[in-house]
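Here is the structure we will look at, set down as structure tokens.
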Amino acid sequence: PQQEVVGFRPCWWKLGLVGAGALCSGGLLLLFLYWTPEWSVKCLCKEVSLREATVLLLWTTDEFRTCFRVRVQLMEAPGYEPLGALFPGCGEEPAYSPTALVIEHPQSEKDLLPKTPDVESVQVRYFVHQNVKYVWSPRGQAFRKLVALEEGIPCSVFHARYSTGLPATSKDYRY
């Protein structure tokens, strides 16, 4: 199911106003904002592009239009473009709205097992919503669903490729 996504970043003057309002209302404003995620984000943050966002509002596209608030997190990943092989064709023109999540599946096992040298570490932006991790794709300028390695690939491919075991250098290091 598709979801609409809008990015936000905290705004200090809005935080100050809400803090003053919370003091004047005896904390009732904070209780109200806790139960209304859309109003909470709009009262505390300013709208920015998805690339710059630290907080996201997700709306379902069904008739209920349920709103969810999620935080964008960072993790360290090796290589210049660690997830580049997982999202083939990201450099092409996107055939989707830039505010919608697009779920793409890898085309073959070569797309799943990137061969990038561990030269440097890059920060990868992601968020988790309903136990599904979405990763920022810089080439596609959108968050993409991170799919399992086994999805669509038979076990025989992994067995054929890695049945010989560890390389000699790895064996020497471990023993």
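Just one of (1) under 15 Å from residue 143 (Cα atoms); (2) open to solvent by less than 30 Å² (accessible area, probe 1.4 Å); (3) free of Cβ contacts under 8 Å to residues at least 60 places away in the same chain trips up residue 58, so point out which.
Going through (1) under 15 Å from residue 143 (Cα atoms); (2) open to solvent by less than 30 Å² (accessible area, probe 1.4 Å); (3) free of Cβ contacts under 8 Å to residues at least 60 places away in the same chain one by one, residue 58 breaks only (3).
Here are 95, 77, 20, 100: which of them is at pLDDT 90 or above and either open to solvent by 60 Å² or more (accessible area, probe 1.4 Å) or not hydroxyl-bearing (Ser, Thr, Tyr) (or both)?
Sole residue among the options that is at pLDDT 90 or above and either open to solvent by 60 Å² or more (accessible area, probe 1.4 Å) or not hydroxyl-bearing (Ser, Thr, Tyr) (or both): 20.
Report yes if residue 44 is touching a helix residue (DSSP H, G or I) at 6+ places or on another chain (Cβ under 8 Å), within 30 Å of residue 140 (Cβ to Cβ) and surrounded by 14 or more Cβ atoms within 10 Å (Cβ to Cβ), otherwise no.
yes
So in region 138-174, with the set limited to residues that are at pLDDT below 70 and either assigned to a strand (DSSP E or B) or over 30 Å from residue 3 (Cβ atoms) (or both), which one is most open to solvent (accessible area, probe 1.4 Å)?
162
Return the only residue of 63, 38, 4 being surrounded by fewer than 13 Cβ atoms within 10 Å (Cβ to Cβ), at pLDDT below 95 and either in a strand (DSSP E or B) or of a type in the set (Asp, Glu) (or both). So that I can check it myself, show each step before the final result.
On the way: 38 fails: surrounded by fewer than 13 Cβ atoms within 10 Å (Cβ to Cβ); 4 fails: surrounded by fewer than 13 Cβ atoms within 10 Å (Cβ to Cβ).
After applying the criteria, what remains is 63.
Mind listing whichever residues of region 6-32 are aliphatic (A, V, I, L, M) and closer than 13 Å to residue 68 by Cα?
6
The values are calculated or read from the model by the stated rules, or taken from the named source; none is laboratory data. Computed from a predicted model, the values in this text were never measured in an experiment. Cβ: placed from backbone, ideal geometry, glycine included. Neighbour counts: every protein chain shown. When the accessible area is computed, the model is the full protein with side chains, heavy atoms only, and any ligands, DNA or RNA have been set aside. Shrake-Rupley method; radii C 1.70, N 1.55, O 1.52, S 1.80 Å.
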